[in-house]
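Just so you know, all these numbers are worked out from the coordinates, no wet-lab data involved. Remember, it's a predicted structure, so these values are computed and weren't measured experimentally. So basically every Cβ, Gly included, is an ideal-geometry build from the backbone, and we count neighbours across all protein chains shown.
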Amino acid sequence: MEKQSILTSKSYQRAKTNLQDKLKLAFLKHYPHYLVPGYNLHSTFPAADSELENVIEQYQEYPYHCDLPKPLLPPAKVPRNMLNEEDPALELVTLKNYVNSDIERMKHYYLKHEKELKLIHKKDIKWNHTKGEITAKIPKYVADIAKIIDKDPDPCFEGVYNWYYTGGSIDCVQLYNKNILLFPFMGELVSVPLDNIEDFLWKPLFEKAAKCELSGTLYELKHNVNVDACMFLGRYKRHCNFYTLSERDNKCKLTDVHTQTSKTPYIGADLSPINANQYCLVNVERCVTLWDIVKMKPINCNTVMQATVLDDSWSSIKFQSADPNILLLVDRCCLHYLDVRVPFDQPALTMCPKFYLEKCEHLSIDVASRNNFCRYIGTYHSMLMCDSRSPQQCVQQKWTHQFKSPPLTSSVIARDDKEFVVLSSQIAGETTVIVNTWTDNEIPQSYNFPYTPPHIKETLNESQIQGMCLNPYLRDRFELSNTGSSLIKNDTQNIFLFLQNSIGDIYYQCLTHDIALDKYSPINGKSYCILNAWQNAVSIETDAIAPLTMSSKSNMHYPFKSFTNKKLRLKHKHDSVDCFEPSWKQSLEKLNTYMDILAPELLAVWEIYEEVPLPLTAAPHQKVLNWLESADTKAPILSQEEIENVSTPINTQELISVSQEVDISYLDDSNALQDLLPKVKTTRSTKRGSVRKRQRV
């Protein structure tokens, strides 16, 4: 049978019909659609639609191979609770979720009791000024919500991931023909040269490193290389620091030169690649400021108008590499081009790729390409390549990265006619490599599917199979969130990826091996050995101990005040009689009124069928007499054969000890004696002896 064409197949026609419009919100909400892969899309195919089968056949896997990642630095000393309870990069997201959950709970309570609760308007609240205090009388549920809102750690932040880390806190610069890596580590900003000791191994030269103290949590690093020095910009939450990196006596020298503060949180920053004296900042209020480093004064400042309603306050600011007068502002919806030579409250050009995205997709990252007119834009589910020369149809290429979390960091590096784009999210292990090939006519093509390189957890798994790296806390350490990524190319044109997590650990791997590597290859074998030595250093850390933590905190102000009050005395009357009676004490008369339903069934196994009631008012000695009278005084007469078959009990040590547990002669309580005596009349059957005799015969 002749092979059916793809264009005429029922599957193709059904897919074409169902994909005419965007997916419905109900589907996007309940189905993990981010896991669905897709072909790399191009706006201009070299083949016509009739040759679609030939185009599909051109798609191939990633053309290179990756080795297993390995640690670069000594392990950072962290408390053990940080490995299984607290991720520093996700702490803000966790606290915001708690606050929002409490607010939703209060809203649900109000809607449930809306008729009972009093509705109050803002104009009805009367404020009283007394003794320097401003007070007002409001309903309790309003005060409870206000108390919860007051505990909000960051009113400007909303989101499912910490977008303050957009851009990444690790950066690499080539200065004096050396690769120098800058990164935060244990409260310090460290600059260390890297030496490529072997083809695929890097060694940090700590004897030539420099460091300076950090002034908070570092979210983003940017650099600009000059003739004899390099300027770094470090973005914190409410300030930006400027550092100069130079070399003296064959050692790095890192100096903190300036701090730019702000009352509003910064979310984006960049240094001009052409004019070394300029930098730009953007805050959560969409206020873009162009600064002069020498004069320490703003050159231009405008608040960019917002055309649509956005989910949060995230945005990113970049200089265009070819024109220093153009700033690129990216928000959740569009890419805006700002001309600083005129007031830029309105963008000079806006490119909106929402037509090519699903309803749940928003922009999250922006990185430059080798072509000055093109930008790589990361979204929640895909990666786009936009061209400013055609703003109406700006999307030229599209890839699917299959991330659960939005992309947070991205790096681009060129090799021959190819561009390697590395995209990472905040979740450990969510990293993808995209290869984009540029032709002579500057038309990019990408027929290699995005590739996910192995994570450090895969190195741990293979090491544990071989009996190494058995520290139980390593897996928790490797699952901490990503905060930065960088790409380095060595002399042999091999590309290496460096990833940093939220506690400062850095792992690296090669992305461009020409031959396939298995788990027994020498290169991966070195990764096992390096990781094993690294975990030995983790095991001997003295600071990594489990601290004392409290699951909940209570307000102990009143008990502390009562304990320290010397005038406070306990009121106690000596004449008062303690008439408290425990609830477990019950009279014998009441207990005898109870009926045990299960007793006949349980006693029937022992052939106890009849219970002799005892008078409740009888004296102790009368109870004994009644029991003796109820007993059968006539002993059963056994035949000679039955006597021979009666087994003689063997008093073992266990039986003797049990029989000696209670000595009736030492009991004075008649009630206790009555409990030891049998309350029933027993009958002994003679059939058992006959059965034993027949079995013996």
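Dividing the Cα convex hull volume of segment 163-540 by residue count, how many Å³ per residue is that?
Values: hull volume 57.1 nm³, N = 378.
Cα-based convex hull of segment 163-540, divided per residue, equals 151 Å³.
Across segment 170-175, coupling constants 3J(HN,Hα) worked out from phi with the 6.51/-1.76/1.60 Karplus curve, θ = phi - 60°, read 10, 8, 10, 9, 9, 10 Hz, and Gly and Pro carry x.
Which peptide among 308-320, 584-596 comes first, and what is the full order, when sorted by highest mean count of other Cβ atoms within 10 Å? Kindly include the intermediate steps, with their values, before the conclusion.
Working: 308-320: 19.0, 584-596: 8.1.
Descending mean neighbour count gives 308-320, 584-596.
I'd like the FRET efficiency for ARG248 and TYR473, computed as 1/(1 + (r/R0)^6) with the beta carbon distance as r and R0 of 41 Å, rounded to 0.05. With R0 = 41 Å, the Cβ-Cβ based efficiency is 0.55.
Among GLU158, GLU430, which comes first, second and so on when ranked by fewest other beta-carbon atoms within 10 Å? Intermediate results must be reported in sequence, preceding the final value.
On the way: GLU158 14, GLU430 21.
Ascending Cβ contact count within 10 Å gives the list GLU158, GLU430.
Each label was represented as a point 7 Å from its Cα along the Cα-to-Cβ direction; for ILE120 and LEU625 these points are 8.2 nm apart. Each principal axis of the Cα cloud of segment 123-262 was taken in turn, and the coordinate range along them, longest first, works out to 73, 32, 23 Å.
For THR512, THR379, what ranking results if the residue with the fewest other Cβ atoms within 10 Å of its Cβ goes first?
Details: THR512 20, THR379 24.
In order of increasing Cβ crowding within 10 Å: THR512, THR379.
Here r is the Cβ-Cβ distance between LYS404 and ASN565 and R0 is 41 Å; the resulting FRET efficiency, rounded to 0.05, is 0.15.
Taking other C-beta atoms within 10 Å as the exposure proxy, LEU408, LEU470 rank LEU470, LEU408 from fewest upward.
Spin-label model, LYS457/LEU95: points 7 Å from Cα along the beta carbon direction are separated by 2.7 nm. Projected label points at MET186 and ALA307, each 7 Å from Cα along the beta carbon direction, are separated by 5.1 nanometres.
If R₀ is 51 angstrom, what is the calculated FRET efficiency for the pair LYS295 and TYR31, using the beta carbon separation as r and rounding to 0.05? E between LYS295 and TYR31, to the nearest 0.05, is 0.40. For segment 163-540, a simple Cβ point-charge model (Lys and Arg +1, Asp and Glu -1, everything else neutral) yields a dipole of about 620 debye relative to the Cα centre. In order along segment 534-539, the Karplus-derived 3J(HN,Hα) couplings, from 6.51 cos²θ - 1.76 cosθ + 1.60 at θ = phi - 60°, round to 5, 6, 5, 5, 5, 5 Hz, and Gly and Pro are given as x. Between the C-alpha center of segment 315-335 and that of segment 426-475 there is a gap of 29 Å.
Magnitude of the charge dipole for segment 427-556, about its Cα centre and with charges confined to Cβ atoms of Lys, Arg (+1) and Asp, Glu (-1), is about 380 debye. Could you tell me which of the pairs LYS70/LYS178; LYS70/LYS398; LYS237/LYS398 are separated by over 26 angstrom between their Cα atoms in the structure shown? Violating the 26 Å Cα-Cα cut-off are LYS70/LYS398; LYS237/LYS398. Projected onto its three principal axes, the C-alpha set of segment 116-194 covers 72, 33, 21 Å, listed from the longest axis down.
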